[in-house]
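A short write-up of the structure that comes next.
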Amino acid sequence: MFTNTYLDELVQKYRENRLAHAYLIETNNLEKANQDILTLIKIINCEEEYQPTCQKCNLCNLINLANLPSIKVINPDGISIKKNQIEELKQDFNTMPIYSKYNVYIINNAEKLNPSSANALLKFLEEPTPGILGFFLTPNKDIIIDTIKSRCQILTLNYSTTLEEELNITTDQKEAYYQKINEFLKAIATNQNINIKTLILNDFPERLDILNIFQIILKLYYNYYLKLTNQIYDESLLNIYPLNENLALINQKMQITTKILTNMSYNVNIELILDKYVLEMRGIYEH
Ligand SMILES: [Zn+2]
């Protein structure tokens with residue numbers, strides 16, 4: 001599910017009822033870490049079987065809109081996180097959540113907690129109330145005030161900065177993938193009789209290349225989804241293949257693409273999988 005396996009471990013811990021009440025997370029990308037934590041909260045709460053694109057359930061929708069009262073995100077007010085921000089949080093979390101399993105607070109740049117705001121938080125950390133889950137995010141855990149650090153479980157969430165790093169490919173390879181993805185998606189949309197063998201497999205016979213290609217296709221659709229739901233997205237991915245489609249179509253394409261990636265991890269004939277992919281993608285438009 002996550003690019004970072006620590007988060008899968010947290011999901012597992014939740015299922016085993018072993019979540020800590022507060023985590024201090026050192027990360028090189030606060031934005032992505034925030035998104036991943038929200039995804040984690042969705043997985044914990046989703047009323048359907050969670051998919052990254054869940055639009056069906058009320059909770060996922062509220063989280064997407066940053067409108068779920070049981071999630072509070074605190075950012076520094078100027079150069080520090082002020083005591084009154086913490087007091088307000090405590091007030092809000094005085095009662096158990098109504099719709100979700102936890103009251104969740106996320107404190108960004110937790111290194112900016114000053115001694116009085118950190119003290120105001122100690123009640124949460126020293127006598128943990130069941131049903132409250134905290135995340136302290138920081139680029140550097142060593143500058144976090146000790147009263148906080150000593151009461152949290154510490155995790156590191158580092159993210160690769162580029163697609164090349166993430167997939168371990170060169171820029172030339174990336175460009176070749178982009179080109180092929182463009183041809184492939186165009187062929188699905190326009191050509192009734194696509195020959196997968198000549199279109200993809202002649203140039204990229206290796207399974208690893210195919211996997212990379214479909215990971216990028218999934219990212220492409222995911223970034224359309226982010227754009228359509230007014231979240232931060234990566235324009236360079238959208239440029240691979242310009243689309244003007246609604247959320248329902250993008251969701252279906254993401255699901256079909258997720259499925260092919262799962263199938264590829266089994267040792268199934270790659271040509272069969274690819275043919276099935278084309279059929280399913282074309283099928284979206286036929287009803
Ligand atoms: Zn949901």
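Taken over region 37-95, the criterion of being over 25 Å from residue 12 (Cβ atoms), within 16 Å of the ligand (Cβ to nearest atom) and in a loop (DSSP other than H, G, I, E, B) is satisfied by 55, 65, 66, 67.
Between 251, 246, the distinction of being open to solvent by 10 Å² or more (accessible area, probe 1.4 Å), more than 17 Å from the chain's Cα centre (by Cα), farther than 21 Å from residue 169 by Cα and of a type outside the set (A, V, I, L, M, F, W, C) belongs to 246 only. Residues in region 15-47 that are out of contact with any helix residue (DSSP H, G or I) (no Cβ under 8 Å at 6 or more places or on another chain) and either open to solvent by 50 Å² or more (accessible area, probe 1.4 Å) or more than 23 Å from residue 121 (Cα to Cα) (or both): 15, 16, 17, 18, 28, 29, 31, 32, 35. Cβ-Cβ under 6 Å, sequence separation 6+ or interchain: first residue in region 161-181 and in contact (Cβ under 8 Å) with a residue 60 or more places away in the chain, partner among the hydroxyl-bearing types (Ser, Thr, Tyr) and open to solvent by less than 20 Å² (accessible area, probe 1.4 Å). Which pairs? Pairs found: none. Is it fair to say residue 23 is among the hydroxyl-bearing types (Ser, Thr, Tyr), assigned by TED's automatic domain parsing to the domain that holds residue 119 and within 16 Å of the ligand (Cβ to nearest atom)? Considered against the rule, which asks whether it is among the hydroxyl-bearing types (Ser, Thr, Tyr), assigned by TED's automatic domain parsing to the domain that holds residue 119 and within 16 Å of the ligand (Cβ to nearest atom), residue 23 comes out as no. Cβ separations smaller than 8 Å between residues 6+ apart or across chains give the following pairs from region 107-120 residues that are closer than 15 Å to residue 22 by Cβ to residues that are β-branched (Val, Ile, Thr) and part of a loop (DSSP other than H, G, I, E, B): 110/144; 113/144; 113/145; 118/145. Within region 1-43, how many residues turn out to be under 11 Å from the mean Cα position of the chain (by Cα) and polar (S, T, N, Q)? Number satisfying all stated conditions: 5. Could you tell me which numbered condition residue 168 fails, if it satisfies all but one of (1) assigned by TED's automatic domain parsing to the domain that holds residue 115; (2) out of contact with any strand residue (DSSP E or B) (no Cβ under 9 Å at 6 or more places or on another chain)? It fails just one condition, (1). Exactly one residue among 115, 139, 130 is closer than 23 Å to residue 25 by Cβ, more than 16 Å from the ligand (Cβ to nearest atom), modelled with pLDDT of 85 or more and open to solvent by 80 Å² or more (accessible area, probe 1.4 Å), and that residue is 115.
The values are calculated or read from the model by the stated rules, or taken from the named source; none is laboratory data. These figures come from a predicted structure and were not determined experimentally. Every residue, glycine among them, receives a Cβ derived from its backbone with ideal geometry; neighbour counts consider all protein chains shown. Accessible surface is based on the protein model in full, side chains and every heavy atom, while ligands, DNA and RNA are left aside. Shrake-Rupley method; radii C 1.70, N 1.55, O 1.52, S 1.80 Å.
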